[in-house]
Every structure is written in C-alpha cells, then in structure tokens.
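> Sharing a structure here in structure tokens format.
The values are calculated or read from the model by the stated rules, or taken from the named source; none is laboratory data. Note that this is a predicted model, so its numbers are computed, not measured. Neighbour counts run over all protein chains shown; Cβ positions are idealised from the backbone, glycine included. These area figures cover heavy atoms from the full protein model, side chains too; ligands, DNA and RNA do not enter into them. Shrake-Rupley method; radii C 1.70, N 1.55, O 1.52, S 1.80 Å.
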Amino acid sequence: MASDLSDLLHPDLVVVGVMANNKKILFQQLGALAGPPLGLDPSMVTNALAEREKLGSTGFGGGVAIPHARLPGLSRIVAIVARLAQPIEFNAIDDMPVDIVVGMLSPASAGADHLKALARVSGRFRDHGFVAKLRGAGSRDAIYALLTADEPGMGRDAA
C-alpha cells in the first residue's frame, strides 16, 4: 500500500500558521477553509467535526490530531492538513498539546472506506520522523510535497 496521501489531498486544504486558541475555533477555521473548495456549508463542516469530537478526543498523541466527520454532499474522502501557529490543548491520549491537525471529511455513505482512510492517515502520522519533517517544513508547498511523496520503506508492500 502506498504511503502517500495524494488521493486524499486538495492543494487548497494544506495550510500553515493556523491561529486557533482551542478546538472550537480550530473547527471553525477548518470549516471555513474546507467549505468553498468542496462546495460545502462551512458551518456544517464545523458542526460535524465538533459533534464527533464530543464522542472522544481525536488527539492521538505526538502533537497530532485527526478530527473527522462524515458529511452529506461530499463525493470523496478529503483531508485538511493544518499546522497550527501555537499548539492547543486537545485532551490527547498522551496529554500533549496538538500542533498538527489532519481533518478527515468523508461522504456520509463512506463506511469502511472512511475507516481505511483514517487507518492510513494515522499510520502515516505515527511515524515520528515524518511528523518532525512536517514541523520543519517551511511552507504549505513543502508540506504538500511531503504528504504526496511515497516514502521508501512505508506501507506493508515495501521491499
């Protein structure tokens, strides 16, 4: 399985320097960012992410969170990648504040595909070296390039 995430990415949905003091503001920012290019109501995106977060924190450790939601009107699974200007409290499993966020938006009917995409993204972001490269990347273009590169040795089928 390829480790690049190009099939989930939209170039306009990779951002750096996002200013958010808390999850609520972050979700509003993600909604405002994702709405126009995806043809979605930004408040619907914001509310769907917030509702999912009420079920339990999507901060999975190492300063990374993967808030996610299923939305009607979406034709494919899309990831929003944001590097925050300042880490925020996320009630993550390791209690570390979060500075890298991968918002996953899936069609309402995605089912198993939604779970497979979450597994791919979480696997990629469990690689501490990869996350360190993202933190060191100077621009959204550099982050996009890292996310779309197929890293050797990644994935189960790597030689």
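> Please list 61-74, 123-136 highest first by mean number of surrounding beta-carbon atoms within 10 Å per residue.
Going by the mean number of other Cβ atoms within 10 Å, highest first, we get 61-74, 123-136.
> Towards the positive end of the charge dipole of the chain, with charges on Cβ (+1 Lys, Arg; -1 Asp, Glu), say which of LEU30, LEU146, VAL131 has the farthest Cα.
LEU30
> Follow-up question, since we're still on this one. So, with a 1.4 angstrom probe, what is the percent of accessible area on the range 1-43 that is carbon and sulfur?
C and S fraction of accessible area: 57 percent.
> Let me ask another. Could you give the length gained on full extension between MET19 and SER139, defined as 0.36 nm per residue of separation minus the Cα-Cα distance, in nm?
Contour length minus Cα-Cα distance gives 41.6 nm.
> Say R0 is 35 Å: what FRET efficiency, to the nearest 0.05, do GLU89 and ASP41 get from their beta-carbon distance?
It comes out at approximately 0.80.
> Same structure again: Tell me which label goes with the value of mean projected area of the Cα convex hull in nm² computed from the coordinates here: (1) 8.5; (2) 9.7; (3) 12.7.
Only one listed value fits the structure, namely (1).
> For the chain, report the accessible area per residue in Å² (1.4 Å probe, heavy atoms, rounded to an integer).
Heavy-atom accessible area per residue stands at 48 Å².
> So, one more: Where nothing but the Cβ of Lys and Arg (+1) and of Asp and Glu (-1) is charged, how large is the charge dipole of the range 1-105 around its Cα centre, in debye to the nearest 20?
The dipole of the range 1-105 has a size of about 220 debye.
> Also, quick follow-up: In the chain, what percentage of the DSSP-assigned beta bridges are antiparallel, given to the nearest 5?
Here the antiparallel bridges make up roughly 45 percent for the chain.
> In straight Cα distance, which aspartates and glutamates are under 19 Å from LYS133, not counting same-chain residues fewer than 8 positions off?
ASP4, ASP99, ASP141, ASP150, GLU151
> Could you point to the residue in VAL81, GLY61, ILE93 farthest towards the positive end of the chain's charge dipole, with +1 and -1 charges on the Cβ of Lys/Arg and Asp/Glu respectively?
ILE93
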